[in-house]
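The values are calculated or read from the model by the stated rules, or taken from the named source; none is laboratory data. The structure presented is a predicted model; accordingly, all values stated were derived computationally and were not measured. Glycine gets a Cβ as well: all are built from the backbone with ideal geometry, and neighbour counts include every protein chain shown. Ligands, DNA and RNA are stripped out before the accessible areas are found, and what is left, the full protein with its side chains, is counted by its heavy atoms. Shrake-Rupley method; radii C 1.70, N 1.55, O 1.52, S 1.80 Å.
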Amino acid sequence: KKDSKEYAEILGYQGSLNSRLGNNTIAKKFFTESFEMRKKLYPKQDHTYIANSLSNLGTNLDHTKNFDEALDFHTQAFEMRKNIYLNQDHTHIADSLNNLGVTWSNKKDFTKALYFNTEAFEMRKRLYANQDHPDIAASLNNLGFAWNKRDFTKALNFYSQAFEMRKRLYSNQNHPVIILSMFNLSLTLCENKARKNEGIKILKENKKIV
């Protein structure tokens with residue numbers, strides 16, 4: 001039945017599937033339809049489904065390099081989620097903080113990127129205390145990227161932590177995020193003349209996972 005929460009959810013799934021396939025134009029169409037339907041279903045109120053739609057549209061715009069528009073949607077999602085989950089840590093708030101950090105990194109504003117990536121990282125550590133988690137590893141990787149052009153030592157530290165955590169999370173697997181972390185770490189080392197050999201060594205030692 002159209003104009004139902006279930007139909008809006010299906011539209012959102014269609015958007016996510018197309019996004020994963022790289023069909024960003026089609027994904028945006030589905031995300032927008034889902035968003036408009038949810039606004040009708042939950043008029044004049046903050047709702048998790050509306051915030052999810054805002055977040056999906058922001059990520060879609062990131063993928064198409066419309067970073068200013070993406071920032072607007074991610075900010076709306078963040079503000080709405082703060083209102084919904086008042087004064088508490090929540091995975092959705094951490095996701096919004098992370099999304100804002102990624103978008104600011106894409107805009108080359110690494111001061112703001114560091115702020116939001118750090119906030120996301122600290123919240124995720126509280127949410128998943130004393131355990132490895134894909135979201136914590138993602139935050140470590142994002143912090144490495146944000147520090148990469150500012151502080152070699154800090155960038156290397158965060159990239160190393162992300163790489164080691166992802167190896168623990170996906171042991172004995174050729175997982176894309178392990179490969180991503182391996183390249184981030186090795187390339188950062190290779191950019192430093194004094195430590196270039198370390199970067200090459202990491203690539204050689206881990207060539208079986210590529």
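So if a site counts as exposed when it's one of the trypsin sites (Lys or Arg not before Pro), its DSSP state isn't H, G, I, E or B, and it has at most 12 other Cβ atoms within 10 Å, what's the longest stretch of the chain without one?
Working: sites that count: 1, 2, 44, 65, 108, 149, 150.
Result for the longest clean stretch: 151-210.
Computed on the stretch 99-210, the Cα convex hull volume stands at 95 Å³ per residue. Relative to the longest principal axis of the Cα atoms of the chain, the long axis of helix 152-169 lies at roughly 70 degrees.
Computed 3J(HN,Hα) for the stretch 173-190, one whole-Hz value per residue from the Karplus formula 6.51 cos²θ - 1.76 cosθ + 1.60 where θ = phi - 60°, is 10, 8, 9, x, 6, 5, 4, 4, 5, 4, 5, 4, 5, 5, 5, 4, 5, 5, glycine and proline marked x.
About the Cα centre of the stretch 1-89, what is the dipole size in debye to 20, counting +1 per Lys and Arg Cβ and -1 per Asp and Glu Cβ, all else neutral? Display every interim value, and only then the final one.
Numbers: 13 positive and 12 negative charges, 62 e Å.
Using Cβ point charges on Lys, Arg, Asp and Glu, the stretch 1-89 gives about 300 debye.
Ranking 185, 70, 143 by Cα position along the charge dipole of the chain, where only Lys, Arg, Asp and Glu carry charges on their C-beta atoms, puts 185 farthest toward the positive end. Radius of gyration over Kirkwood radius for the stretch 1-67, both on Cα atoms: the Rg/Rh ratio is 0.98. Any aspartates and glutamates with Cα under 19 Å of the residue 193 Cα? List them, leaving off those in the same chain fewer than 8 positions away. Partners within reach: 151. The phi torsions of the stretch 67-80, fed into the Karplus equation with coefficients 6.51, -1.76 and 1.60 and a -60° offset, translate into couplings of 5, 5, 5, 4, 4, 4, 5, 5, 5, 4, 4, 4, 5, 5 Hz, rounded to whole numbers, with Gly and Pro shown as x.
Placing unit charges on C-beta atoms (Lys and Arg positive, Asp and Glu negative, everything else neutral), compute the dipole magnitude of the stretch 61-210 about its Cα centre in debye, rounded to 20.
Numbers: 22 positive and 17 negative charges, 162 e Å.
Using Cβ point charges on Lys, Arg, Asp and Glu, the stretch 61-210 gives about 780 debye.
By how many degrees, between 0 and 90 and to the nearest 10, does the Cα long axis of helix 24-41 differ from the longest principal axis of the chain? Approximately 40 degrees, to the nearest 10.
Looking at the stretch 118-161, the pairs of alpha carbons with a distance over 17 Å make up 29% of the total.
Restricting the calculation to Cα atoms, the stretch 5-122 shows an Rg/Rh of 0.97 when the hydrodynamic-style radius is the Kirkwood one. The stretch 90-130 and the stretch 136-210 have Cα centres lying 19 Å from one another. Any lysines with Cα under 23 Å of the residue 1 Cα? List them, leaving off those in the same chain fewer than 8 positions away. Output for residue 1: 28, 29, 39, 40, 44.
Computing the accessible area with a 1.4 Å probe over protein heavy atoms, can you report the carbon and sulfur percentage for the chain? Could you put the intermediate results ahead of the total?
Numbers: 6030 of 11790 Å².
Reported share for carbon and sulfur atoms: 51 percent.
Between helix 110-127 and the chain there is an angle of about 80 degrees, using the helix long axis and the longest principal axis of the Cα atoms.
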